[in-house]
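As structure tokens, the structure follows; a few thoughts come after it.
Just so it is clear, none of the values below were taken in a lab; they were calculated from the coordinates. Everything numeric here is computed off the predicted structure, so don't read it as measured data. Because the Cβ atoms are built from the backbone with ideal geometry, glycine has one as well, and the counts that use them run over all protein chains shown.
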Amino acid sequence: MQWIYRRVVRPLLFEQDPESAHHRALTALSWASQNRIWVEALASLFESPVLPVRMFGLDFPNPVGLAAGMDKYATALPVWEGLGFGFAELGGVTWLPQEGNPSPRLFRAVESEGLINRMGLNNPGAEAFAARLAGWRARGRWPDHPVGINLGKSKDTPLAQAPGDYSQSFEALWVHGDFFVINVSSPNTPNLRDLQLPEALDEVIAAVQESNARLASTNPAPVKKQKSRSGKAAEDAIRGKPILVKISPDLSLEALDDLLRIASARNIAGIVAANTTIARPETEIAGLARVYAETGGLSGRPVTARSTELIRHIHRQSGGKMPVIGVGGVFNSADAWEKITAGASLLQVYTGLVYEGPGVACEIVRGLRDRLNEHGMKQLSEAVGIHATPTGV
């Protein structure tokens with residue numbers, strides 16, 4: 001199936017405008033999502049083998065998830081399970097509805113297997129997004145795997161009001177998400193990355209965690225208690241849904257250390273490393289240079305090494321106590337194994353799905369199982385971070 005996609009389907013898709021092709025693909029997947037029979041038919045072709053991971057108090061059937069940005073409107077939520085993903089992160093979602101930036105705003109860097117986007121967090125707004133998720137639940141179409149929700153800041157909201165903006169979205173969506181990701185790293189919302197600065201980030205996390213504790217205390221569903229990074233029993237501040245932070249690959253390691261200190265103090269459940277980059281690699285290919293000249297965030301192969309470097313740094317600095325979702329240039333099991341052995345416990349795919357096709361999750365999971373067998377390991381957790389330090393094997 002992957003051969004057919006690469007040789008037949010992808011060339012046809014790549015003849016189309018990138019955003020138009022994305023829209024057509026999501027429309028088809030949304031249509032398939034409406035009927036359980038179609039999802040089961042896709043699963044018969046693309047279902048991944050079981051490779052369970054338990055993280056954030058959640059059970060993931062396999063470690064390969066869909067990255068945020070692919071399903072911005074939750075129009076195809078049921079289908080990702082059928083395509084073999086172990087979880088899906090939806091959005092990003094902002095409190096206010098947004099159309100995003102003007103088109104064209106999505107570009108293929110084919111020679112380097114990358115994408116550049118300046119979408120601008122286009123989404124229907126948190127309340128409409130919540131209504132759509134409620135609709136999937138009401139129709140019995142909710143997937144069995146965990147569902148994450150990526151939260152961004154509304155473009156029209158001043159930075160000083162960002163904590164309230166994030167917490168409003170979080171409260172509207174709290175009942176639906178299994179985990180939430182605070183996105184302070186998109187390069188396509190003006191000044192958003194300023195929220196990675198220590199004081200600003202601390203205020204955003206504090207506001208969201210306050211809402212989290214309050215909603216957990218009033219929700220009749222049982223809440224599992226966790227442990228803080230120090231190993232001590234955690235109180236109300238970390239009750240409720242797991243909260244993660246998505247970082248920029250353009251952060252310096254010193255700035256990342258500051259961020260990690262805040263994340264640990266605020267009982268953040270994990271880090272998503274990393275978002276798209278505003279950096280551009282050197283190239284002598286004229287067509288590729290023209291694409292690289294476009295404004296926006298670059299994803300895919302060009303981000304692979306930097307993403308892995310950040311994952312390794314987080315694992316080292318936290319002593320393996322801060323879980324990481326690795327994203328950026330994951331196309332196959334070799335890429336996945338590199339990030340896991342650097343310190344990632346889970347993975348996400350976006351650009352790899354565009355270039356490798358609907359069987360990418362299954363291929364990665366099968367490859368990971370083979371690698372575990374080769375190393376005499378039974379669980380993926382045994383491989384996490386084994387190459388994170390100079391003494392790793």
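Quick notes on this structure:
- The alpha carbons of the stretch 1-50 stretch over 33, 25, 16 Å along the principal axes, in descending order.
- Overall form of the chain: rounded. Here a/c, set by the Cα gyration tensor axes a ≥ b ≥ c, is under 1.5.
- Radius 13 Å from Cβ of Ala43, net charge of other residues (Lys, Arg +1; Asp, Glu -1): -3
- Within the chain, the whole DSSP H helices whose Cα atoms reach 20 Å or more along their own axis and whose mean Kyte-Doolittle score is at least -0.5 are 18-33, 198-218, 360-374.
- Which of Arg105, Arg36 has the fewest Cβ neighbours within 10 Å, and the rest in rising order: Arg36, Arg105
- Charge dipole (debye, nearest 20) of the stretch 2-382; +1 at Cβ of Lys and Arg, -1 at Cβ of Asp and Glu: 740
- Rounded to 5, the percent of DSSP beta bridges in the stretch 2-382 classed as antiparallel: 35
- Label point distance in nm, Thr218-Ile4, each placed 7 Å from Cα along Cα→Cβ: 5.2
- Cα centroid separation, the stretch 256-281 to the stretch 112-176 (Å): 19
- Ellipticity at 222 nm from helices only: DSSP H runs of n ≥ 4 in the chain, each -39500 (n - 2.57), divided by the residue count, give -11500 deg cm²/dmol.
- Taking Cβ atoms as reference points and 12 Å as the exclusive limit, the residues near Gly82 contribute a net charge of -2, counting Lys and Arg as +1 and Asp and Glu as -1.
- Shape call, the stretch 69-218: gyration tensor on alpha carbons, a/c limit 1.5: oblate
- Proximal charge balance of Leu195 [Cβ under 12 Å; K/R count +1, D/E count -1]: -2
- Those aspartates and glutamates that a straight Cα-Cα span of less than 14 Å connects to Lys155, excepting residues fewer than 8 apart in one chain: Glu99, Asp165, Asp194
- Cleavage-rule hits (GluC sites (Glu not before Pro)) in the stretch 1-77: DSSP loop, at most 12 neighbouring Cβ within 10 angstrom: Glu15
- Using R0 = 56 Å, the C-beta based FRET efficiency linking His375 and Ala131 works out to 0.75.
- Relative packing of 173-182, 206-215, which averages over residues the other C-beta atoms within 10 Å, highest first: 173-182, 206-215
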